[in-house]
1. Quick check on this structure: which one of A:ARG11, A:ARG44 is assigned to a helix (DSSP H, G or I) and touching a residue at least 24 places away in the same chain (Cβ under 8 Å)?
2. What residue, among those in region B:14-40 that are away from chain A (no Cβ under 14 Å) and free of Cβ contacts under 8 Å to residues at least 12 places away in the same chain, is nearest to the chain's Cα centre (by Cα)?
3. Of all the residues that make up region A:52-88, how many are more than 18 Å from the chain's Cα centre (by Cα) and touching a residue at least 40 places away in the same chain (Cβ under 8 Å)?
4. Go through region B:62-118 and give me each residue that's facing another protein chain (nearest Cβ under 8 Å) and in a helix (DSSP H, G or I).
5. Can you pull out every residue in region B:119-147 that is in a helix (DSSP H, G or I) and closer than 30 Å to A:GLN116 by Cβ?
6. Select, from A:ARG11, A:ARG22, A:ARG63, A:ARG44, the only residue that is at pLDDT 95 or above and surrounded by fewer than 17 Cβ atoms within 10 Å (Cβ to Cβ).
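The values are calculated or read from the model by the stated rules, or taken from the named source; none is laboratory data. Owing to the predicted nature of the structure, the values given are computational and were not obtained by experimental measurement. Positions of Cβ are generated from backbone atoms using ideal geometry, with glycine treated the same way; all protein chains shown enter the neighbour counts.
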Number of protein chains: 2
Amino acid sequence: MTKEEALARVRDARVGRLATVRPDGTPHVIPVVFVLDEEEGVIRLYWAVDQKPKATTDIQRLRNIRANPAVEVVVDSNEEDWDGVWWVRLTGVARIIEDGSEREAALAMLARKYPQYAASPPEGAVVAIEVRRVSAWEAREGNPSETLRDS
Amino acid sequence: MTKEEALARVRDARVGRLATVRPDGTPHVIPVVFVLDEEEGVIRLYWAVDQKPKATTDIQRLRNIRANPAVEVVVDSNEEDWDGVWWVRLTGVARIIEDGSEREAALAMLARKYPQYAASPPEGAVVAIEVRRVSAWEAREGNPSETLRDS
């Protein structure tokens, strides 16, 4: 899988799973809906918090990111046919955006991907993940997972 | 969702996503196939490494577990209908089982759940996750995520 192919799969994925690290050093993982943003070689994911800002102080993944911004997201094939199984992992650094034009632009991208968000926009913070590494694995290639570079 | 309902969803799930923490303190997440084992109040997941033992020293998730056995697994609804969305998270401690009767018993359970494993058993270590906390969230219940207790 090339890096371009991996990013195309990420772009098309409807859900990813986001891992963060809690302040006590244990891992935390939940599903997230997200949008991939690429411009001039910068790879970025955006996802949003549905709840109102006042409630977000209680959201574990935001608490984790404030203490340790290192995150990882995996998207995968979710298939029963194991010969077709693959995953792509994005390793990066998260940044919480409480308001402003970048948040508005990210919400517009999310609404284009998810009609549910167009009908009912998220009320909380947006989180940007600046992707530092793209790794992937695919059963049919039979090789170990690898970090993908620009081809 | 009760704890019993949450565990039934975990039992039926075909894939989970496993988060571990790398020795450098960053998170790592990949899909895993697993089996749920419950006996006398003990909740345990087993998953297996396909590769031969000699190759497993290079597997990042095992390196992570050796340095920090704290893990988390999420299973979720993977649905486009957001009203039906849910997830269940299992927080626990992992233990690597290189050989012996517990490994054999876990492989037999995995083979009953996944025909692919019956045809071609995993050759590497089995990992047991002793589950310490079950948390869940469901869109239709409209409440924040919560730790589930025995009812």
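1. It is A:ARG11.
2. My answer is B:GLU39.
3. 9
4. Scanning region B:62-118 gives B:TRP82, B:GLN116.
5. Matches in region B:119-147: B:ALA139, B:ARG140, B:GLU141.
6. A:ARG11
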